[in-house]
Amino acid sequence: MQDDAGEPVVDERRIILTVGASWRLSMIEAGEAAGASRGRAREAIEYFLWAFTPLRPMTARDIYELVSTNAFTTRGLYLNLGYWKNARTIDEACQALAELVGSTAAMGPGDDIVDVGFGFAAQDVFWMEHFAPRRITGLNVTPLQVRTARERVRALGMADRIDLREGSATAMQLPSASCDVVTAVECAFHFNTRELFLAEAFRVLRPGGRLVLADVIRNSPEAQPLRRMAQDFVWRTFAKKFAVPPQNADRRDAYAKKLEAAGFAEVRVESIRNHVFPGWHRSLSQDRVLLGRLHPVGRLPYRLLLRLDANTVYSALDYVLASARKPS
């Protein structure tokens, strides 16, 4: 705009509006940044209280809400330790564990599957792509994971075949004899209790249906007294930090007996710990990207533990692939 003499006219009102809008935008952005900063600070405090003090005992739901979408893998949102028999990376290992569970369950077209504790449904997507079951129904107690997983499944065009629900492993809102396979990948140790979950799994399975679990349990006791004491300490710490009920402190023999007591046949509880813990431990020490995916507060104990060998760090823990069948 110019005046009669051809000189530019300063539009003060426009300047004031522009400056005001810029100021408001800056304040909004500053507020958002401050809010994000406060959120990160709260998250760090929560991690610290959980990891390093007895002041913040958590339920499984609390733990996974805290972990949020900070998954271990680049592809998908896997949160398991992986199966490292032939895997070289965490992505390969997590997918290998999903494949191991799916093949052990003999998943195939026509199967109705119930996946309990599905996390972000990464394994469900993998199963649908590789085994093509008729339908997968997922149950999970963590609302954040349910919402996120639903969005991912919807974006992949699988929402008509993968039905993800907020629900309990020990009180499944499902009809009796309504599925062919029940799975739980690295989560049944949280269930309160594992026995109640096994009873529910038996109930919802059709005759001849299969149960397959990848699960963390207590390892066999060491012969040396001091090492047994160390095992007991590590198990108690693990159970307290990761919300493992006292009733779930099973070793392999007791685990198999619980499956049989629930009514299952063809029970098999196989240790695969040598294909889980060493690979996970080695990958954390060698893969800086993987270590960097852990929360900064959570990295410190891992950095300390990486100074030790895997057999020492995980001496209290066994990792089993459990399978069974409901009699026809």
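Picking from residues in segment 253-286 that are under 15 Å from Y314 (Cα atoms) and of a type in the set (D, E, K, R), the one that is modelled with the lowest pLDDT is R282. Residues of segment 287-295 include at least one that is surrounded by 13 or more Cβ atoms within 10 Å (Cβ to Cβ), over 18 Å from the mean Cα position of the chain (by Cα) and at pLDDT 85 or above. Pairs meeting the criteria (first residue in segment 228-247 and assigned by TED's automatic domain parsing to the domain that holds F191 and in a loop (DSSP other than H, G, I, E, B), second residue surrounded by 14 or more Cβ atoms within 10 Å (Cβ to Cβ) and of a type in the set (S, T, Y), beta carbons under 6 Å, at least 6 apart or on different chains) are P245/T193. Applying the condition of being β-branched (V, I, T) and not in a helix (DSSP H, G or I) to segment 136-154 and asking which residue is surrounded by the most Cβ atoms within 10 Å (Cβ to Cβ) yields I136. Here is the figure for segment 303-328: residues that are touching a helix residue (DSSP H, G or I) at 6+ places or on another chain (Cβ under 6 Å) and assigned to a helix (DSSP H, G or I) total 3.
The values are calculated or read from the model by the stated rules, or taken from the named source; none is laboratory data. Because the structure is a prediction, the values reported are computed rather than measured. Glycine also receives a Cβ, built like all others from the backbone with ideal geometry; neighbour counts cover every protein chain displayed.
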